[in-house]
Amino acid sequence: MSKKGGSNHYIRMRADKRLGVVGRKSVMWLLAPNPGKHKKSESISAGVLMRDVLCRVQNLHEAKKIMNSGNFLVDGKKVKEPKYSIGLMDIITEVAEKKSYRMSLDGPKLVPKEVKSESAEKKYLKATGKATVTGGKTQITFHDGRTYLGDKNIHTGDTCVFAIPSFKLAGHLKFAPGARCLVTQGKHIGEIAKLDKVIARPGSHESEAQLSGDSGEFVTLVKYLFVVDEKF
C-alpha cells in the first residue's frame, strides 16, 4: 500500500530560506512541522528550532528529551512534539535556560528574538477573519488559527495583544493611519514602518498601503502588514 499524508521530512537544501536554518549542506533532511497553526513555508518544527537555530541540542533525540522534561514552552504551554509548528509571533520559553524569545523577522528570515520576561507574557495576534456565530456573537479568527469570541470593535487587520498562557485580551491595536506595522511579505519584508494611508484598488485588485520608514516611503499590499506597538 502506498503511504498517505504529508512527509515527516523535507530536503534541507529546499527549505524556504526564510526559515533561517543553519548548516544547509551538513544534513540532508529536516523535520517538517505538523500542519495546522502556520503555513509550512512560514513555520519551523520545534525540534529543528532547538537543534539548528537555537543550537541547544545535537540531535532530535536530545530535543525530545528536553521537551519531555517540560522545559520547552510555546505561548506559555508545554510542547512535547518535535514536529510542533512554530511561526510568526509565537513565544518560545526555555525554562531551564531562563530565556524567552518571540518569533519575528530579521529581513526575510523567521528568527527567534530574545525578549524580557514581561514581554514573553504577551502575544500579538493579527485578526484575519470575522464572522457572526450562533447567538449573534462575533468570532475573530487570527493568523495562527486561534479563534476568539470578541467585541464588534475588532476588525480584520487589527492586532490583538493577549496575555499568555491564559489568553485573556490585554490590548487592541487598530489598523489605521498612523499605526506601526511590520511588513511580513514582499520586497520590504522585515521592515517596520508607519502606515500613512490605505489605497483602495478597483475591481479584483488587492488594496495597497503607503508607508514611511527608515528606507523612505513605499507601497505594499495591505495583507502583508501586521500592526505592532512600541513594545515590539
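Looking across the range 50-82, the residues that are among the aliphatic types (A, V, I, L, M) and farther than 23 Å from residue 142 by Cα come down to 50, 53, 54, 57, 60, 63, 66, 67.
Conditions (1) farther than 20 Å from residue 125 by Cα; (2) modelled with pLDDT of 95 or more; (3) touching a Leu at 6+ places or on another chain (Cβ under 6 Å); (4) in the same structural domain as residue 140 (by TED's automatic domain parsing), marked per residue:
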| position | (1), (2), (3), (4) |
| --- | --- |
| 163 | no, yes, no, yes |
| 188 | yes, yes, no, no |
| 193 | no, yes, yes, no |
| 198 | yes, yes, no, no |
| 213 | yes, no, no, no |
| 217 | yes, yes, no, no |
| 224 | no, yes, no, no |
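When each of 70, 6, 47, 36 is tested for being modelled with pLDDT under 60 and of a type outside the set (Val, Ile, Thr), the lone residue that passes is 6. Taken as a whole, the range 95-114 holds no residue that is surrounded by 16 or more Cβ atoms within 10 Å (Cβ to Cβ) and at positive phi.
Looking across the range 116-146, the residues that are under 15 Å from the mean Cα position of the chain (by Cα) and free of Cβ contacts under 8 Å to residues at least 24 places away in the same chain come down to 141, 142, 146.
The values are calculated or read from the model by the stated rules, or taken from the named source; none is laboratory data. Please read all numbers here as calculations on a predicted model, not as lab measurements. Glycine also receives a Cβ, built like all others from the backbone with ideal geometry; neighbour counts cover every protein chain displayed.
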